[in-house]
Amino acid sequence: MAEEKRQFQAEVGKLLDIVVHSLYSNKEIFLRELISNASDSCDRLRYGAITEPDLLAGDAEFCIRLIPDAAAGTLTIADNGMGMNHDELIANLGTIAKSGTSEFLARLTGDAKKDVNLIGQFGVGFYSAFMVADEVTVVSRKAGEAKGWRWVSDGKGEFTVSEAPEATRGASITLRLREGETEFTEAFRLKSIVKRYSDHIAIPVRLKEADKDEETINSASALWTRSKSEITPEQYKEFYHHVAHAFDEPWSTLHYKAEGAIEYTGLLFIPSSKPFDIFHPDRKQHVKLYVRRVFITDDCEELLPPYLRFVKGVVDSQDLPLNVSREMLQHNPVLAKIRSGLVKRVLGELKKKAEDAEGGFETFWETFGAVLKEGIYEDFERRDDILELCRFRTTHGDGWTTLADYVGRMKEGQDAIYTITGDDLAKLKQSPQLEGFIAKGVEVLLLTDPIDEFWVSAIPRYQDKELRSVTASGADLSKVKAPEGAEDKAADEAPAGEVTTLIEALKLSLGDKVKDVKVSERLTESAVCLVADSGDMSMHLEKLLRAHGQ
Ligand code: ADP
Ligand code: MG
């Protein structure tokens, strides 16, 4: 078959443009990305070979080779993993199948520093090769298939695909280095980059220098199997970048071995910055499942509940069978136990951080609180633990408060925890609904995440205190004593007869637009406000649903 010419998908073209023209601060990471892909590909083949041993065709010793050629000005990264066939080369290296691509592109700022971070999160991995290369050639043969293929591109909108009879199993990526990038053929430079970014890769990375024997230049043992005392913070961080496709610092690192009825190792990270797709419906989860060091899947929904989807890392089980299929993972009792262990550990870690004044818990809360709150109504069993972790804005000062602190400040005669929901903190604070509460010194929680509507209506109580919306008509402050010195509003109440006449007049003129018109204690300055009937949905929820066309 002759050479086939193809266009990159428009989004790829745009990304490539940014990669080549704006990302120059940290070029060396291209090597990490290509080694990471090679390692993923070996992992995939190792897993595939469990049920289909013929795929290995006698070559079961996985490795990743770096072959620099200073004279030619090229660097080749070759693996003997799963490889790609004709269609996969086109799909994987010509399009971006990830969710949220266009949103992501819209968020790029043009500021190289910030964009590198975004791109790291987004994972343009392979395309980073074009930071240092003006031409990239991929020669690949897929395990179990006879034909090999060559993919070539200069990263300027087009690529070609043609047959490559010389291809061996796996993929070999050759970079024709740009002028000025020849340092990437130097052994010393390559070794130091691999040590820095890819030491934790479980597959040996070998360097082939001209006239020398091949040399393994990484530790080649899975990081999570090493003991904690042997791992530096820097190594944890690089591993986090590898598993999470991230560039930020992990906010928290959790590495432990569970022993007893169920044995597994967990190496989990909580990021410090919010992934762009955290609220995207088809986002991927990022905890990879291994069984006795063999990669099984990075798409196991059962491993963690959705409200902990910000957690990244690796779980390596001793108890699952190696040939566990994705179907077997659903409703698997071992996995269910691992999941419950993971949830307990993560919530325990959050609790510890929350109790530690130096733990930076409020920063975590500002980043992921809205996600964690989903757990309040999704995880009945852990509801109380999660509620203890929750932080709220309040009419009591500008900081965050816990429910426990709120309860500690409740007024004599106050029988409920009062909340108000809306989408803007500043506007909420001005709400006329709050006037009566503020006058009586009754604290109100100001809830501004969309998710708040759902859990406040789902949970009736915290401890023995009812949660009640200030916009619901059941809110009764008559039993709460006004603070000393506050003027007694009741004293200048209008004569009952006049109020009745006014109410009748209002009812008549508003007609069907309202259910009822009542005298209220909730206002001090404003003349009137709207409230929802008890049992009806709150006004903010009504607005939210209407905005979503319900
Ligand atoms: P990601 O690794 O996040 O999926 P990349 O841009 O790094 O994104 O790679 C895109 C895709 O190309 C990979 O998902 C994989 O399917 C394929 N790919 C890249 N490198 C290799 C390789 N060495 N062997 C096999 N497939 C590869
Ligand atoms: Mg990659």
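The values are calculated or read from the model by the stated rules, or taken from the named source; none is laboratory data. As the structure is a prediction and not an experimental result, all values here were calculated from the model. Cβ coordinates were reconstructed from backbone atoms using ideal geometry, including for glycine residues, and neighbour counts include every protein chain displayed.
Here are a few things to note about the model shown:
- Qualifying residue in region 237-253 (condition: away from ligand 2 (no atom under 16 Å from the Cβ) and under 27 Å from Thr76 (Cα atoms)): yes
Let's see how each residue does on (1) in contact with a strand residue (DSSP E or B) (Cβ under 6 Å, 6 or more places away or on another chain); (2) small (Gly, Ala, Ser); (3) surrounded by fewer than 18 Cβ atoms within 10 Å (Cβ to Cβ):
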site: Phe279; (1), (2), (3): no, no, yes
site: Lys288; (1), (2), (3): yes, no, no
site: Leu303; (1), (2), (3): yes, no, no
site: Pro321; (1), (2), (3): no, no, yes
site: Ala336; (1), (2), (3): no, yes, yes
site: Val346; (1), (2), (3): no, no, no
site: Ala354; (1), (2), (3): no, yes, no
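- Given (1) more than 30 Å from Glu381 (Cβ to Cβ); (2) at pLDDT 85 or above; (3) surrounded by fewer than 16 Cβ atoms within 10 Å (Cβ to Cβ); (4) out of contact with any Ser or Thr (no Cβ under 7 Å at 6 or more places or on another chain), index of the condition Glu484 fails: (2)
- Residues of region 204-219 include at least one that is over 18 Å from Gly313 (Cα atoms), among the hydrophobic types (A, V, I, L, M, F, W, C) and at pLDDT below 95.
- Evaluated against (1) within 16 Å of ligand 1 (Cβ to nearest atom); (2) exposed (fewer than 14 other Cβ atoms within 10 Å of the Cβ); (3) closer than 30 Å to Ile18 by Cα; (4) among the charged types (D, E, K, R), Lys147 falls short on exactly one condition, (3).
Here is a yes/no grid of residues against (1) of a type in the set (Ser, Thr, Tyr); (2) under 15 Å from the mean Cα position of the chain (by Cα); (3) closer than 23 Å to Ser229 by Cβ:
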{"site": "Glu249", "(1), (2), (3)": "no, yes, yes"}
{"site": "Glu259", "(1), (2), (3)": "no, no, yes"}
{"site": "Lys284", "(1), (2), (3)": "no, yes, no"}
{"site": "Thr297", "(1), (2), (3)": "yes, no, no"}
{"site": "Leu329", "(1), (2), (3)": "no, no, no"}
{"site": "Leu347", "(1), (2), (3)": "no, no, no"}
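- Scanning region 154-195 for residues that are farther than 16 Å from Ile77 by Cβ, within 16 Å of ligand 1 (Cβ to nearest atom) and small (Gly, Ala, Ser) yields Gly155, Ala164.
- Checked against the criterion of being touching a helix residue (DSSP H, G or I) at 6+ places or on another chain (Cβ under 7 Å), within 11 Å of Leu31 (Cβ to Cβ) and in a loop (DSSP other than H, G, I, E, B), region 166-188 has no qualifying residue.
- Which listed residue, of Glu349, Glu327, is in contact with a Leu (Cβ under 8 Å, 6 or more places away or on another chain), of a type in the set (Asp, Glu) and assigned to a helix (DSSP H, G or I): Glu349
- Selection within region 268-313 - closer than 23 Å to Ile96 by Cβ and modelled with pLDDT of 90 or more: Pro271, Val287, Lys288, Arg309, Phe310, Lys312
- Taken over region 1-59, the residue count meeting the criterion of being over 21 Å from His86 (Cα atoms) and in a loop (DSSP other than H, G, I, E, B) is 10.
- Meets criteria (touching a Phe, Trp or Tyr at 6+ places or on another chain (Cβ under 7 Å) and either away from ligand 2 (no atom under 16 Å from the Cβ) or under 28 Å from Ser192 (Cβ atoms) (or both)) for Leu55: no
- Scanning region 42-63 for residues that are over 17 Å from Val291 (Cα atoms) and within 16 Å of ligand 1 (Cβ to nearest atom) yields Leu55, Leu56, Asp59, Phe62, Cys63.
- Checking Ala78, Ala91, Ala10 one by one, the residue that is at pLDDT 80 or above, more than 9 Å from ligand 1 (Cβ to nearest atom) and of a type in the set (Gly, Ala, Ser) is Ala10 and no other.
- In region 328-375, residue farthest from Glu249 (Cα to Cα) [restricted to those that are basic (Lys, Arg) and in contact (Cβ under 8 Å) with a residue 24 or more places away in the chain]: Lys337
- Of the strands (runs of 3 or more DSSP E) lying entirely inside region 376-479, those containing at least 2 residues that are closer than 27 Å to Ala357 by Cα and not hydroxyl-bearing (Ser, Thr, Tyr) span 444-447.
- Scanning region 395-418 for residues that are of a type in the set (Val, Ile, Thr) and more than 16 Å from Ala370 (Cα to Cα) yields Thr395, Val407, Ile417.
- Residue in region 271-279 that is of a type in the set (A, V, I, L, M, F, W, C) and either within 16 Å of ligand 2 (Cβ to nearest atom) or farther than 28 Å from Ala106 by Cα (or both) present: no
- Residue in region 389-406 that is surrounded by fewer than 17 Cβ atoms within 10 Å (Cβ to Cβ) and in contact (Cβ under 8 Å) with a residue 60 or more places away in the chain present: no
- Unmet requirement for Glu28, which otherwise passes all of (1) over 21 Å from Val139 (Cβ atoms); (2) within 13 Å of ligand 1 (Cβ to nearest atom); (3) of a type outside the set (Phe, Trp, Tyr): (2)
- Considering residues of region 62-105 that are more than 14 Å from ligand 2 (Cβ to nearest atom), polar (S, T, N, Q) and part of a helix (DSSP H, G or I) only, the residue nearest to Lys147 (Cα to Cα): Thr101
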